[in-house]
Amino acid sequence: MQYIKIKETIEEQILQGTLSAGQKLPSERQLAESFHTTRVTLREALSLLESDGLIYREDRRGWFISPPRLRVPISSASTFRALATAQERQPDIHLLKREKRLADKHAIQLMKLPPFSELYYIQTLRLLETRPVALVTYWMNLQICRHIVENESFYDFFEAQAQDPLITVSDIHDSISLGSLVGETAFSLRATAGTPAIFQQRRIFCGSDVIALELSTWRHDALLLESLVE
């Protein structure tokens with residue numbers, strides 16, 4: 001089928017380095033003309049490349065070649081900045097929201113809280129080379145996490161926790177699921193609705209208590225989760 005051949009041609013150019021990470025592809029009209037095909041057929045090829053994580057789309061901006069995925073170990077206390085820097089990437093974190101609010105149903109269930117519990121609610125945007133790659137939401141215990149949350153420089157739980165001797169993390173439980181971006185999350189990540197996503201749900205324990213949740217929504221082409229067994 002023609003769209004398979006188009007997909008393989010573009011993929012070969014990416015793997016050979018003819019098309020480099022971050023490079024913008026020609027417009028869909030130009031690509032369709034160069035392959036002597038319709039835009040419908042071309043979009044089938046682009047959709048396959050997106051599913052494979054080789055290209056990504058930014059809303060109203062077009063298609064781009066995906067950079068290497070960030071390798072992230074599961075259930076690790078490593079920070080986003082440290083991981084990215086070690087992999088020669090350029091990380092940044094933007095603070096979007098920081099407030100106290102009543103825990104939603106999801107947070108109540110995961111943290112085993114009574115109804116109407118109040119928590120810190122923090123939302124951040126993670127970027128690599130200025131590209132938004134993950135939207136992160138924290139729900140955090142008011143009493144235990146007060147010192148690190150009220151620090152004006154809070155952007156990452158494990159960055160802040162490393163500087164606070166009062167908080168000891170005893171365990172980290174991760175769960176991973178796949179889905180697609182919608183609504184404000186898609187907008188924040190400059191993606192179109194329906195773009196594939198990886199959801200990382202992290203429970204952070206102090207003793208037997210969950211003191212914080214870290215709920216991350218990643219562009220699927222930006223992340224490679226690794227499990228290290230010793």
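Only the coordinates and a few stated rules stand behind these numbers; no lab work does. Here the structure is a predicted model, which means the values were calculated and not measured. Reconstructed Cβ throughout: ideal geometry from the backbone, glycine too, with neighbour counts over all protein chains shown.
Each label point was placed 7 Å from the Cα along the Cα-to-Cβ direction; for Leu95 and Gln16 their separation is 4.9 nm.
Size descriptor for segment 170-230, Kirkwood hydrodynamic radius: 13.0 Å (Cα pairs only, one decimal). With the cut-off at under 18 Å, measuring from each backbone N in segment 168-201 to a point 7 Å along the Cα-to-Cβ line of Arg39 picks out 192-193. Given the alternatives (i) 14.5; (ii) 13.0; (iii) 17.9, mean projected area of the Cα convex hull in nm² as computed for this entry is given by (i). Toward the positive end of the charge dipole of the chain, with +1 on the Cβ of Lys and Arg and -1 on the Cβ of Asp and Glu, the farthest Cα among Ala77, His220, Ile148 is that of His220. With Cα atoms defining each centre, segment 1-73 and segment 100-160 are spaced 36 Å apart in the structure.
Rounded to the nearest 0.05, the FRET efficiency derived from the C-beta distance between Thr192 and Arg146 at R0 = 30 Å is 0.15. Tell me which aspartates and glutamates have Cα within less than 16 Å of Lys105's Cα, excluding those fewer than 8 residues away on the same chain? Answer for Lys105, where 16 Å is the Cα cut-off: Glu118, Glu214, listed by chain and number. Under a model in which nothing but the beta-carbon of Lys, Arg (+1) and Asp, Glu (-1) is charged, segment 162-212 shows a dipole of about 220 debye around its Cα centre.
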